[in-house]
Structure formats: C-alpha cells, structure tokens
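Beneath this line is the structure, given in structure tokens, with notes to follow.
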Amino acid sequence: MSMLMTPYGPIDKKLIIQFKQIKLLACDVDGVFSDGRIYMGQNGEELKAFHTRDGYGIKALQKIGVQVAVITGRNSNMVEQRMTSLGVQHIYQGCEDKQPALQAIQNKISVTISETAAIGDDMPDLGMFKVSQCNICVQDGHPLLAAQAHYQTRTKGGFGAVRELCDLILLSHGQLHTIHSASI
C-alpha cells in the first residue's frame, strides 16, 4: 500500500486519486456537522453547535467547483440557516431513506456515483454510501458504518471532521495550500 503524508497523517494514495474525481460531497448533519447532541430548551426549542472550520472547508470546496449537499433525517430551521449561509444549494431534510435523495441530486446536477463522496456517522447514512464512490465515516461514528467506509476521519463529528475531508479533497486537486492562502 502506497501512502501519502497529509496534514491529518498518512493516507492511501489510491484514496487521494479517488478524491480528485469528486464533484459532489453529500453530508449528514447530526453527528457530522454537529457532535450529534441536540439541546432542548424548556419551550421545545432545539440548539446545535456547528464548527466554523467545517464551514470554511465547505466554502473552499465550492470555490474549486465541488458542489455540496446536506441530507438529514431531521427537520431544523437551524440547519437551513447554517447551510444557506455557507452557500449550500442542495438541502434535503426529513429524509429517512437518504439514497433516493442523493440520487435525485446526482440526476439534477448530472453527477455520477464515481464523482460523489458521502460523509456520515450512523446507519441511516448507509443509503448515501450505496450511491457514492468515496464513503467516509467520522472518527466517532458507529462501528457498523465505519466498517462500510473507505476512510474514517481522524477528527470527531462536530469538531472539524467535515473540514478534514474538505482539506483532503482540496489536496487531491492540488489546491490545499493555494485555497487556504487566498481569501475565501
């Protein structure tokens, strides 16, 4: 196995070659962009924390032409607001079965399975893995999903795991240092 040294440690060069083909990154939200916890207030309001590094990574990917989709099982105004503020155009909420949602996005923007990466943290994300070439599980994801992944981040969900994946895709495009030295 030939390895490439990255800021996140050594990674199989074959995976970096696959990342270079990516034109669409599909992401779960809870446990990926957030740490998976949902804070409930006295009046039923929900709060989630999003990491700014993940947002920066999403903007950097979009700058090199990689589209981003969010597919989540829950419905949340916070998710809509956060993803809209990042320029994410494909926001699918309330999806118990994520496979048809990802296929609809792929068809809409004419992207193939081989041009798609998906990142998740638990078994509901397996549907995205079925129609994605590069499957990524966050570091603290469920072991059964991790067993189906091509890569497991070294960073936990909600603490920069999305940024890690974005950086690796940028690296595969030869843009990691270029994009981060320029203003986004």
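For Gln42, state whether it is open to solvent by 70 Å² or more (accessible area, probe 1.4 Å) and farther than 24 Å from Leu168 by Cα. Full working, then the answer.
Values: open to solvent by 70 Å² or more (accessible area, probe 1.4 Å): yes; farther than 24 Å from Leu168 by Cα: yes.
Yes, satisfied.
Take region 19-32 and flag every residue that is among the charged types (D, E, K, R) and crowded, with 20+ Cβ neighbours inside 10 Å.
Applying the first criterion (among the charged types (D, E, K, R)) to region 19-32 yields 20, 23, 28, 30.
The answer is Asp28, Asp30.
Answer yes or no as to whether Asp35 is more than 13 Å from Leu168 (Cα to Cα), surrounded by 11 or more Cβ atoms within 10 Å (Cβ to Cβ) and touching an Asp or Glu at 6+ places or on another chain (Cβ under 6 Å).
no
Any residue that is touching a strand residue (DSSP E or B) at 6+ places or on another chain (Cβ under 8 Å), polar (S, T, N, Q) and at pLDDT 95 or above - is there at least one of those in region 1-15?
no
Taking the condition of being open to solvent by 50 Å² or more (accessible area, probe 1.4 Å) and in contact with a helix residue (DSSP H, G or I) (Cβ under 7 Å, 6 or more places away or on another chain), how many residues in region 65-95 meet it?
Qualifying residue count, region 65-95: 2.
Whether any residue in region 115-131 is surrounded by fewer than 14 Cβ atoms within 10 Å (Cβ to Cβ) and either under 23 Å from Gln175 (Cα atoms) or of a type in the set (Gly, Ala, Ser) (or both) is what I want to check.
No, region 115-131 has no match at all.
A quick yes/no check of all residues on (1) modelled with pLDDT under 95; (2) of a type outside the set (Phe, Trp, Tyr):
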{"position": "Phe19", "(1), (2)": "no, no"}
{"position": "Lys23", "(1), (2)": "no, yes"}
{"position": "Gln42", "(1), (2)": "yes, yes"}
{"position": "Glu45", "(1), (2)": "yes, yes"}
{"position": "Ala49", "(1), (2)": "yes, yes"}
{"position": "Asp54", "(1), (2)": "no, yes"}
{"position": "Ile71", "(1), (2)": "no, yes"}
{"position": "Asn77", "(1), (2)": "yes, yes"}
{"position": "Gly87", "(1), (2)": "no, yes"}
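What is the residue count in region 96-114 for residues that are free of Cβ contacts under 8 Å to residues at least 12 places away in the same chain and either crowded, with 17+ Cβ neighbours inside 10 Å or on the phi > 0 side of the Ramachandran plot (or both)?
Within region 96-114, residues that are free of Cβ contacts under 8 Å to residues at least 12 places away in the same chain and either crowded, with 17+ Cβ neighbours inside 10 Å or on the phi > 0 side of the Ramachandran plot (or both) number 1.
Testing Ala147 on (1) in contact (Cβ under 8 Å) with a residue 12 or more places away in the chain; (2) surrounded by fewer than 20 Cβ atoms within 10 Å (Cβ to Cβ), one condition comes back false. Which one is that?
(1)
The values are calculated or read from the model by the stated rules, or taken from the named source; none is laboratory data. The model shown is predicted, which means the values in this text are computed figures rather than measured ones. Here Cβ is always computed from backbone atoms with ideal geometry, including for glycine, and neighbour counts include all displayed protein chains. Note: accessible area is taken over every heavy atom of the protein model, side chains too, but ligands, DNA and RNA are not part of it. Shrake-Rupley method; radii C 1.70, N 1.55, O 1.52, S 1.80 Å.
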